[in-house]
Every structure is written in C-alpha cells, then in structure tokens.
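A.B. asks: Got a structure here, written out as structure tokens. Questions coming.
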Amino acid sequence: MDVKVEKLKVNYKTLEDFRKFKEYGLQELSMLEDLQANIIENDSASPFYGIYLADMLVARMSLYEVDAKYNRYFSPPKNYLELWKLEVLSDYQGRGLGTALVNYAKSFRLPIKTNPRVKSVDFWGKMGFSPVHYDTSRDFGENPLIWFPAGFEEQMG
Ligand code: COA
C-alpha cells in the first residue's frame, strides 16, 4: 500500500485528531496547555509522524533521536531513535499502515528502540525487532525491543 507519512505539527487540529487514539495522555495534554499558554507556537514541530486518509489522521507514532550519551541499551553507545505511541485506529488496522510507519522510522538508518504494548509483540517480531539485554542490575521496568539497520551490529563489534 502506497501511503504518505507526514511530520505532524502542533496545532489545535492535530491535538483534536489525537483524541481518537487510545494512548492519549500527559504528552498530548501538556502540548495543548503549552499551545493555549502561547509557550509553543501554533504549527510548531512535534515529535509525531502520522498518516492521513481523506484528511483524517488514522495512524501515528512518536519518534525522536536519543543522544548516545543517554544510551543504556547497547555498546558502544550510538545515537538511536526512540519509537513510541505507534497506533493505528481500529477501523484501519491490518492494512499495512503500522508497517508503513515503522518502515519510515527505519529509513533514518539508526537503531530503533521501542517498548511494546503486551498485545503487539508479534507485530514487532514481524517488523524485525528483538529483545535487548541490558544491565539488569538496574531495573528500568522496561522490556525494550531493538531493531538495527543492516551492517550495524558488525560495525559495533
Ligand atoms: N498481533 C500480531 N500480529 C499483528 C498485530 C498484532 N496486534 N497487528 C498486526 N499484526 C500483523 C499483521 O497481521 C501483518 O502480518 P502479515 O504481514 O503477515 O499479514 C503485520 O503484522 C503488519 O500489519 P499492519 O497491517 O502493518 O499492522 P497495523 O497497521 O494494524 O498496525 C499495530 C499494527 C499493532 C500498530 C496496530 O494494529 C495498533 O495500533 N493496534 C492497537 C493496539 C494493539 O496493539 N492492538 C493489539 C490487538 S488488541
């Protein structure tokens, strides 16, 4: 399926669209407050990407680059992308939109880390993500999955 992934801007329309998603929470509420208080400008950049079908936002993800110095998941440290809030509205699931968003994230050719929701583990397996084993002496309460671009693991060796 040929779909266009767009970087989402922070504005009232985007935040209204976000209300349809299950994972609507603090991040969205604080965006709305910042917009209302003029702390952020209308149409400023957000960490979200999404897919519109007939003008309706039907899928989204948050994606941002984490600096190597905060990397606690693999060594030697490298910048990586943190992917979260991947969600496709229920009427639009199973049509390749989730795959399209993940492929878009992969196109940056950086490792990607995500914390899957319990029911989506099979989806992430299909996307080529696998569990990462990190320093278990510190429990971050996470079960991260990681995807590496081709050739990346060899470079790290
Ligand atoms: N569990 C297992 N496999 C899944 C899956 C899931 N929850 N969601 C999708 N898949 C499979 C598809 O069958 C497809 O497999 P195929 O290529 O062999 O046909 C592959 O993953 C890609 O599917 P795609 O159409 O790109 O997925 P999507 O657009 O529906 O996006 C999610 C996947 C998980 C992001 C999306 O369904 C979603 O937001 N779900 C809501 C939250 C959730 O996790 N629900 C789980 C069911 S309760």
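A.B. asks: Just want the ordering: 152, 129, from fewest to most Cβ atoms lying within 10 Å of their own Cβ.
C.D. replies: 152, 129
A.B. asks: Another one. Quick check: the angle from helix 97-106's long axis to the longest principal axis of the chain, C-alpha only, nearest 10 degrees?
C.D. replies: So the helix axis and the longest Cα principal axis differ by about 60 degrees.
A.B. asks: Which percent, to the nearest 5, of DSSP beta bridges fully inside the stretch 5-147 are antiparallel?
C.D. replies: 90 percent
A.B. asks: When a footprinting reagent is the concern and you count Cβ atoms within 10 Å, what order do 49, 70, 92 take, fewest first?
C.D. replies: Lowest count first: 70, 92, 49.
A.B. asks: Suppose every Lys and Arg Cβ carries +1 and every Asp and Glu Cβ carries -1, with no other charges. What dipole size does the chain come out with about its Cα centre, to the nearest 20 debye?
C.D. replies: 340 debye
A.B. asks: Right, something else. Could you point to the residue in 45, 111, 21 farthest towards the positive end of the stretch 5-147's charge dipole, with +1 and -1 charges on the Cβ of Lys/Arg and Asp/Glu respectively?
C.D. replies: Highest projection toward the positive end goes to 111.
A.B. asks: Specify whether the C-alpha gyration tensor of the stretch 42-125 places it in the rounded, prolate or oblate class, a ≥ b ≥ c being the square roots of the eigenvalues: rounded for a/c under 1.5, otherwise prolate if a/b is larger than b/c and oblate if not.
C.D. replies: oblate
A.B. asks: Taking 1 over the mean of 1/r across every pair of different Cα atoms in the chain, what Kirkwood radius in Å do you get?
C.D. replies: Result for the chain, one decimal place: 16.8 Å.
A.B. asks: Take 82, 87, 33 and order them by how many other Cβ atoms sit within 10 Å, fewest up front.
C.D. replies: Ascending number of Cβ neighbours within 10 Å: 33, 82, 87.
A.B. asks: Leaving out same-chain residues fewer than 8 places away, which lysines sit with a Cα under 25 Å from that of residue 126?
C.D. replies: By straight Cα distance, residue 126 reaches 4, 7, 22, 78, 85, 106, 113.
A.B. asks: Before rounding to the nearest 500, sum -39500 (n - 2.57) across all DSSP H runs of length at least 4 in the chain and divide by the residue total; then give [θ] at 222 nm in deg cm²/dmol.
C.D. replies: -6500 deg cm²/dmol
Quick note: the coordinates plus some simple rules give every number you see, no bench work behind them. Since the structure is predicted, the reported quantities are computational estimates derived from the model, not experimental observations. We place every Cβ from the backbone using ideal geometry, glycine too, and count neighbours over all the protein chains shown.
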